[in-house]
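Chemist: Once you've had a glance at the structure underneath, I'll fire off some questions.
All of the numbers you see were taken from the coordinates with simple rules; none came from a lab. Since we're looking at a predicted model, the values are computed, not measured. Cβ atoms come from the backbone with ideal geometry, glycine included; neighbour counts cover every protein chain shown.
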Amino acid sequence: MLKADDAHHRRIGIGLITVATLCFSILDASAKWLVQDLPVVQVVWLRFATHVLLMVLLLAPRHGRALVRMHSPRLQALRAAMLASMTALNFFALQYLQLAETGAIQFSVPILIALLSAWWLGERLDWRRWAAIVVGFAGVLLVIRPGSQAFHPALLLALANAVLYAAFNLLTRRMAATESAESMQLVSAIGAAVVLAPFALLQWQDPASLFTWAVIGLCGLMGGVGHLAVAQAHRHGSAAVLGPFLYQQILYMTLWGWLVFAQVPDAFVVAGALVVVASGLYLLWLELRRR
């Protein structure tokens, strides 16, 4: 059930979304390291398989059968398919792109949510929201730079992932009213693992070392904790309250890119990220004023 909309619950939601952004940045950095040597589909499947295993071990003693109790099986199946697709698109993109590049494109999600809300939920957009959307996509173009030497087709995969993630956020918010956070994150991961298993096993390569297995385990743990934190956060705060705090993830992504891969984003990526973030924050400010 959704919690009361008061300052206490909003603070809890903000704390949970902060944990989620850190977890997802570690997940992306770990995945980028893994896909340099292992097939992407195998890494995606291992991410969900370890996610399921670790979450069952951590949550089953307390929640029991409630972990797989569903009120909307069709929506759970849709969420699982979206989660598998998003993760695959993201991991394929991470093979070729910097963490900061995928992060910058990911922050077009609030802008895409505004568009999807107008189309899907019938919400009306005034001229200020349309202006913010146009400026935000100009920032995305600064990152992508189609037609230039800096453009890589994998940027389109990251953009497709952002579109899916926007729809995924709207679906999660809708399901939070009837589904438990624990069942959402576990059932979606089980569905993704089942769907991807045949493709992963066909391309299987043995991980080279115990350290590689440790990074695989870290992927599963960070994915599970991150999605659990997001689902719980949406019970404590609205998207308008939580949205601004999602942007801290770009700082973590840039940090891991520098520390782990010695990659520093260029001026266009930084400028594009700033434009996208500013546009998203303006949209969220407008939403808070309206409410």
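Chemist: Per residue of the chain, what 222 nm ellipticity follows from adding -39500 (n - 2.57) for every DSSP H run with n ≥ 4, rounded to the nearest 500? Provide the component values of the computation, followed by the final result.
Modeler: Values: 12 runs with 228 residues, N = 291.
Here the helix-only value at 222 nm equals -27000 deg cm²/dmol.
Chemist: Further question on the same structure: I'd like to know which of Pro73, Val43, Leu27 lies farthest towards the positive end of the charge dipole of the chain, counting +1 on Cβ of Lys and Arg and -1 on Cβ of Asp and Glu.
Modeler: Farthest towards the positive pole: Pro73.
Chemist: Please report the Cα spread of segment 137-222 along all three principal axes, rounded to whole Å, starting with the longest.
Modeler: Largest first, segment 137-222 extends 44, 40, 23 Å along its Cα principal axes.
Chemist: Tell me, what is the percent relative contact order of segment 81-235, built from C-alpha pairs under 8 Å that lie six or more residues apart?
Modeler: Numbers: 100 pairs, mean separation 54.5, N = 155.
Value for segment 81-235: 35 percent.
Chemist: Would you be so kind as to identify which of Met175, Gly139, Leu83 lies farthest towards the positive end of the dipole of segment 7-290, taking Lys and Arg as +1 and Asp and Glu as -1 on Cβ and the Cα centre as origin?
Modeler: Comparing the listed Cα positions along the dipole, Met175 ranks first.
Chemist: Dipole magnitude of the chain about its Cα centre, charges +1 at Lys/Arg Cβ and -1 at Asp/Glu Cβ only, in debye to the nearest 20? Could the numbers behind the result be given before it?
Modeler: Values: 20 positive and 12 negative charges, 186 e Å.
Here the size comes out at about 900 debye.
Chemist: Add +1 for every Lys or Arg and -1 for every Asp or Glu among the other residues with Cβ under 15 Å from the Cβ of Phe261, and state the total.
Modeler: Here the count lands on -3.
Chemist: Efficiency by 1/(1 + (r/R0)^6): what FRET value for His152 and Arg65, r their Cβ-Cβ distance, R0 = 35 Å, to the nearest 0.05? Could the numbers behind the result be given before it?
Modeler: Details: r = 46 Å, r/R0 = 1.32.
Between His152 and Arg65 the formula returns 0.15.
Chemist: Over segment 32-112, what per residue volume does the convex hull of the Cα atoms give, in whole Å³?
Modeler: On the way: hull volume 10.5 nm³, N = 81.
Dividing the Cα hull volume of segment 32-112 by its residues yields 129 Å³.
Chemist: Test of the criteria: in segment 145-248, which chymotrypsin sites (Phe, Trp or Tyr not before Pro) are in a DSSP loop and have at most 14 other Cβ atoms within 10 angstrom of their Cβ?
Modeler: Phe151, Trp204
Chemist: So what is the relative contact order of the chain, in percent, for Cα pairs below 8 Å that sit 6 or more residues apart? Don't skip to the answer; put the middle values down first.
Modeler: Working: 416 pairs, mean separation 127.7, N = 291.
It comes to 44 percent, rounded to a whole number.
Chemist: Only helices at least 18 Å long along their own axis, judged from Cα atoms, and with Kyte-Doolittle mean hydropathy of 1.6 or greater: name those in the chain from DSSP H.
Modeler: Details: long enough: 7-34 (40 Å, 0.80); 40-63 (34 Å, 1.42); 73-94 (31 Å, 0.91); 127-144 (25 Å, 1.67); 154-175 (31 Å, 1.29); 181-202 (32 Å, 1.69); 210-236 (39 Å, 0.94); 267-290 (35 Å, 1.56).
TM-like helix candidates: 127-144, 181-202.
Chemist: Taking amide H positions as placed 1.01 Å from N in the peptide plane, with prolines and chain starts having none, which residues 5 or more places from Tyr96, or on another chain, fall under 5 Å of its amide H?
Modeler: none
Chemist: What fraction of the Cα pairs in the chain, stated in percent, has a spacing above 26 angstrom?
Modeler: 42 percent
Chemist: Sticking with this one: If Lys and Arg each add +1 and Asp and Glu each add -1, what is the summed charge of the other residues whose beta carbon sits under 11 Å from the beta carbon of Thr172?
Modeler: On the way: positive: Arg79, Arg173, Arg174, Arg235; negative: Glu179.
Around Thr172, the charge tally is +3.
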